[in-house]
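For reference, the structure discussed in these notes is given below.
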Amino acid sequence: MSEDTRTPLLEFRDINTHYGAVHILKDVNLAIYPGELVCLLGGNASGKSTTLKTLLGMVTPTTGDVVLDGEVVTNQPTSYRVERGITMVPENRRLFKRLSVKENLELGAYLRKDKDGMASDMERIFEMFPRVKERLNQKSGTLSGGEQQMVAMGRALMSRPRVLLMDEPSMGLAPALVQTNFELIQQIHADGVAIFMVEQNANMALSIADRGWVLQTGRVVLDDTADALLVHPELRASYLGDAGGH
Amino acid sequence: MTAATQPNEYVADEPTILPGKAPLDQDWADVAKWGAIGASTMIFVVLSGMLTGLDSRLVIERVFSLGYLAVVWVPLTLGFLVAREEVLEGMASHAKGANEVVSGGIVGALSGAGLSLLILLMDSFDLRDPLVNWSDKTLGLLQFSEDSFFGIVMWAVIGLLLGAIGAGLHLLTPDMRRLVKIMVVTVLFVSVFETFLTDLFKGFGLVFITDFLYAARGGLTIISTIVLAIVAGLVAFFGKGRVKQAQTRINAGAVEGGGRTKANIAMFVIGGLLLVILPIFTGKITNELLANVGIFLLLALGLNIVVGLAGILDLGYVAFFAAGSYTTAILTSPNSPGWSPELPWWVALIVTIGVAALAGLLIGAPVIRMRGDYLAIVTLGFGEIIRLLFLSDWLSPWFGGAQGITNIPPADFGFFEVKGTDPRSVFYLVLALSAIAIYVSWRLERSRMGRAWMAIREDESVAEAMGINTVNVKLMAFVVGAVLASFAGAVFSAKVGSVFPSSFLILVSIIILVVVIVGGMGNIPGVIVGAVVLIGVLGGPKQPGLLQEFSEYKLLIYGALLIFMMLTKPEGLVPNARRTRELHQDEFLQDAWLRKQVDEDEEASEAELGDGPTAGAPA
Ligand SMILES: Nc1ncnc2c1ncn2[C@@H]1O[C@H](COP(=O)(O)OP(=O)(O)OP(=O)(O)O)[C@@H](O)[C@H]1O
Ligand SMILES: [Mg+2]
């Protein structure tokens, strides 16, 4: 959003991404400012996960630049970006299944060297998710889906990110847990972490977000404040299931 | 973790025992299935040549040979298996009786009938052409040197009896069953390991014991068998209480956690001391075995890092063993075809480590970007390419082609010379290197690098997302694996005195992999047990093991063992104790919670359970 005069924390400048010859992201421009909560909406295969992977450097764009805090990081590896404050909670959580919860959390802090800071962050995570503390030595693959979501968020927070990328955090959770999950996301956000969230649950995502984008076959078709998107007629028709009458 | 987490106190409810079933109330399909399995196994064992091949090796003088043992374990085991009843907690079980004996007997008789059928067929048809063991000798042994009718009847009867005995074991009390088991296992153990025990007892000056035990032509005498069984039975009977006590103590220590680490360290120290002292007394045969176990242990520890920790299925691991062996050979032998600096062994070792690390980088770099199956296939190719390069005419000015490199001198440390004709010295060298390798593996497993390896093993892309530089970390696994393999290679050269391309067949890779898998992937004690059991007892690709008689069937047994382990115990012989315990503790906690024994977080948990499934969709 051009009226913002701060430097964006994370930025896409005319990004194009291909898988082989297939054009996935088309001239995408995004900007996330410090402390914001933004969400990316879009249908299946519209390129949402690809956007996150490109931001984190797991996929290299064909043209355009990824800018982190004013620095062009397009050709920097993932580890470089993680070290500078980006982390992702991947789609489907993807814990290290045969490792314990504790080992999963420690791996989240893989690049950190400050033992004391890590310990206090872990305490902070236990406060947020008391369940995680109880299950510390359990193999993470045997946790319930809801517990896995908590560990996945905890693991990401262990790197003390400035911006947290979340790929469909409420996928596969019971409705009650979805609610809790969004509350937790707000809590993390309240701690000053910028959040970039990909969600199918557009209604809920927009109700907590500051801004949002809508991606359609790799192109950004809508870019507005969350409040404006919530009442956008086209969006309501296609994503928010207006027939249901919210 | 509260006071309720005392797994030892947990006692399942006694199962209800129903009266036994009627003798003929059988699950006939099951009986027929086991009978067919038994019959085909016995026919397979006979036609694979074990009966004839192992006949000269006696278990009990004049009565019973290893050949027959290879056959008759089948009806006994199957009789035991068919009569087994799996009792789940809370379900009723039946009293054991005639019903079980009948099913065991029938299964045994059906199995034995397999051999009766074989006698009939061998008598009537000549299939010697595809089946080498379709011979008169086999037939003679099958008929016990009588006519075919005698043989046919005998096998059905033997099967019947053994099957019934196997099933009858279930009628004994658990204590009795244990006693019988110990007696039989002791007799078999002492008999089968005759060469090893003779060698061992000679070293300790206890020849009179082996003189008493074994007959002049090998095998136990009838008297010694009886004495042995009685002694084993007595020891088992009176020793029982003490074993239980020790076990409780160990388990109690295990729960403490800290005590366990101490116990582990103590065990390592005692084990290490024993290993230093033992070879002084043992003879050549035993020391040779121990030396081979050590060489393969080094290899297996290296592969364990690559496969077990980092999850990279490297099927061409032998390449690094070859690189290590050849480097040491070239650097130390006066006969190296291209260039022979004739360095002392330990200098060569240092260079070898460097070369191996480089080889790890060079082979690793191209394959590391692949994943899963593709990587496995490519490493398989690389393993063969390296061997073919050593074999090639093109490089023979340096590596000697098929002639290899000979005349490799012993490793001379001034005060101590390591050479193949003195297996004890090889063993000490390999022991020292293994100690280093174990320590390094142990430290690495707990390091940041080890964590990263495990993360990559679990999920490579997520590991990358955590900021792990997956390419570098995987390369490091290759390099560490290569260096450990080069230790083995350097010792191998000095021990054997010559290296040939034919020493580095793919089979070596496969066998090392089996050692790692059977022992327990990613688990150091498991790998040690795997190396001792497989290499020590069965033997390496070209190295004989304790069961020299079985050399011919080594690969068969390896294969069978691998399949068996994958089906029944995929976590290996020595599963990761720490994880298992934690899991069980957790299960226990859940059980306790269900029975309302843990009350602190009860309310919280209940609240959560309460609103989960019932709450409607948020709007
Ligand atoms: N590694 C890959 N190689 C080739 N094509 C890929 C790869 N990953 C994704 N794609 C394709 O790129 C397109 C966008 O995928 P992406 O995962 O970004 O979709 P998405 O918007 O996250 O969808 P969903 O909501 O279903 O998760 C899809 O058509 C997908 O098939
Ligand atoms: Mg997606």
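The values are calculated or read from the model by the stated rules, or taken from the named source; none is laboratory data. Just so it is clear, the model here is predicted, and its values are computed rather than measured. Ideal geometry is used to build each Cβ from the backbone, glycine not excepted, and the neighbour counts take in all protein chains shown.
Looking across segment A:159-194, the residues that are over 15 Å from A:Val38 (Cα atoms) and in contact with a strand residue (DSSP E or B) (Cβ under 6 Å, 6 or more places away or on another chain) come down to A:Ser159, A:Pro161. Check segment B:213-232 and report whether any residue there is in a helix (DSSP H, G or I), charged (D, E, K, R) and either at pLDDT below 85 or under 26 Å from the mean Cα position of the chain (by Cα) (or both). No, the conditions are met nowhere in segment B:213-232.
Quick one: which of A:Val101, A:Val132 is in contact with a Gly (Cβ under 9 Å, 6 or more places away or on another chain), modelled with pLDDT of 90 or more and farther than 30 Å from A:Trp213 by Cβ?
Numbers: A:Val132 fails: modelled with pLDDT of 90 or more.
Answer to the check: A:Val101.
Report yes if some residue within segment B:82-103 is surrounded by 18 or more Cβ atoms within 10 Å (Cβ to Cβ), part of a helix (DSSP H, G or I), assigned by TED's automatic domain parsing to the domain that holds B:Ala167 and in contact with a Phe, Trp or Tyr (Cβ under 8 Å, 6 or more places away or on another chain); otherwise report no. For segment B:82-103, residues surrounded by 18 or more Cβ atoms within 10 Å (Cβ to Cβ), part of a helix (DSSP H, G or I), assigned by TED's automatic domain parsing to the domain that holds B:Ala167 and in contact with a Phe, Trp or Tyr (Cβ under 8 Å, 6 or more places away or on another chain): present.
When the residues of segment A:29-47 are filtered to those that are near ligand 1 (Cβ under 6 Å from one of its atoms) and farther than 19 Å from A:Ser207 by Cα, the one that is nearest to the chain's Cα centre (by Cα) is A:Gly47.
Taken as a whole, segment A:200-219 holds at least one residue that is crowded, with 17+ Cβ neighbours inside 10 Å, within 16 Å of ligand 2 (Cβ to nearest atom), over 26 Å from A:Gly117 (Cα atoms) and among the aromatic types (Phe, Trp, Tyr).
Look through A:Val67, A:Val89 and report the one residue that is in contact with a Pro (Cβ under 9 Å, 6 or more places away or on another chain), buried (at least 23 other Cβ atoms within 10 Å of the Cβ) and modelled with pLDDT of 90 or more.
Working: A:Val67 fails: buried (at least 23 other Cβ atoms within 10 Å of the Cβ).
Going through A:Val67, A:Val89 in turn, just one is in contact with a Pro (Cβ under 9 Å, 6 or more places away or on another chain), buried (at least 23 other Cβ atoms within 10 Å of the Cβ) and modelled with pLDDT of 90 or more: A:Val89.
Scanning segment A:189-230 for residues that are acidic (Asp, Glu) and either more than 16 Å from ligand 1 (Cβ to nearest atom) or away from chain B (no Cβ under 14 Å) (or both) yields A:Asp191, A:Asp210, A:Asp223, A:Asp224, A:Asp227. Contact annotation: residue pairs with Cβ atoms under 7 Å, 6 or more positions apart or on different chains, pairing a residue in segment A:59-75 that is in the same structural domain as A:Val28 (by TED's automatic domain parsing) with a partner that is part of a strand (DSSP E or B) and within 16 Å of ligand 2 (Cβ to nearest atom), are A:Val59/A:Thr17; A:Pro61/A:Thr17; A:Thr62/A:Thr17.
Going residue by residue through segment A:78-86, is there one that turns out to be more than 14 Å from chain B (Cβ to nearest Cβ) and either part of a helix (DSSP H, G or I) or of a type in the set (A, V, I, L, M, F, W, C) (or both)? No.
Scanning segment B:395-442 for residues that are free of Cβ contacts under 8 Å to residues at least 40 places away in the same chain and of a type in the set (D, E, K, R) yields B:Glu417, B:Asp422.
Can you give me the ranges of the helices (runs of 4 or more DSSP H) entirely in segment A:94-174 with at least 1 residues that are at the interface with another protein chain (Cβ under 9 Å from one of its Cβ atoms) and out of contact with any Leu (no Cβ under 8 Å at 6 or more places or on another chain)? Please lay out each step first, then the result.
Details: elements: A:101-108, A:115-128, A:130-134, A:145-157.
Those helices (runs of 4 or more DSSP H) span A:101-108, A:130-134.
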